[in-house]
Amino acid sequence: MRKIYLVTALAGFVALAACSGGKTEDKKDTSDNTGSVSSASSVNGEEIYKKTCLACHQANGEGIANTFPPLAKSDFLVNRDQVIEQVIKGKSGEMTVNGVKYNGTMPPQAISDEEIAAVLTYVYSSWGNSGGPVSVDEVKAVRNKAQ
């Protein structure tokens with residue numbers, strides 16, 4: 001039991017360190033449903049996921065039991081505006097995902113609107129999810145509404 005607590009605490013520490021992505025400037029959205037965005041410098045949703053989300057939500061999107069909720073086949077993804085806002089502003093407190101309660105903190109992600117669109121497009125097209133592409137315009141609309 002002590003090992004589980006230590007591993008969970010270590011995972012939380014690593015997750016906080018990993019979730020502090022760098023801010024980049026917004027670019028025109030040309031995302032496809034794989035999370036790739038074509039522009040002068042390509043933005044890839046899978047790469048952003050690996051840099052900013054993987055520590056908590058894991059490579060398979062299944063999260064860490066009782067600590068970090070899953071993104072794989074997640075009922076939480078139904079409300080796209082809520083998902084976008086959570087990436088922008090972060091979230092603390094209790095939430096229920098796939099019938100399981102989680103009570104933790106997700107810090108706001110310091111990434112551009114283009115990167116948010118790309119990473120969420122990747123999430124919505126991975127692990128049994130089927131939400132379709134997320135556009136930069138959707139992200140901007142949520143950001144403007146949340147301010």
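For Glu62, are the conditions met, namely being over 12 Å from the mean Cα position of the chain (by Cα), open to solvent by 30 Å² or more (accessible area, probe 1.4 Å) and in contact (Cβ under 8 Å) with a residue 40 or more places away in the chain? Walk me through how you get there before you give the answer.
Numbers: over 12 Å from the mean Cα position of the chain (by Cα): yes; open to solvent by 30 Å² or more (accessible area, probe 1.4 Å): yes; in contact (Cβ under 8 Å) with a residue 40 or more places away in the chain: yes.
Yes; evaluated as a whole, the condition is true for this residue.
Among the conditions (1) open to solvent by 30 Å² or more (accessible area, probe 1.4 Å); (2) of a type in the set (Phe, Trp, Tyr); (3) in contact (Cβ under 8 Å) with a residue 60 or more places away in the chain, the only one that Phe76 does not satisfy is (3). Considering segment 47-59, and only residues there that are aliphatic (A, V, I, L, M) and either in contact (Cβ under 8 Å) with a residue 60 or more places away in the chain or part of a loop (DSSP other than H, G, I, E, B) (or both), the residue that is surrounded by the fewest Cβ atoms within 10 Å (Cβ to Cβ) turns out to be Ala59.
Go through segment 89-147 and count every residue that is in a helix (DSSP H, G or I) and not charged (D, E, K, R). Residues in segment 89-147 being in a helix (DSSP H, G or I) and not charged (D, E, K, R): 15 in total.
The listed residues are Glu114, Glu94, and the only one of them that is in contact with a strand residue (DSSP E or B) (Cβ under 6 Å, 6 or more places away or on another chain), of a type in the set (Asp, Glu) and open to solvent by less than 40 Å² (accessible area, probe 1.4 Å) turns out to be Glu114.
The values are calculated or read from the model by the stated rules, or taken from the named source; none is laboratory data. Nothing here was measured: the structure is a model prediction, and the numbers come from that model. FYI the Cβ positions are ideal-geometry reconstructions off the backbone, even for glycines, and counts take in every protein chain you see. Ligands, DNA and RNA are stripped out before the accessible areas are found, and what is left, the full protein with its side chains, is counted by its heavy atoms. Shrake-Rupley method; radii C 1.70, N 1.55, O 1.52, S 1.80 Å.
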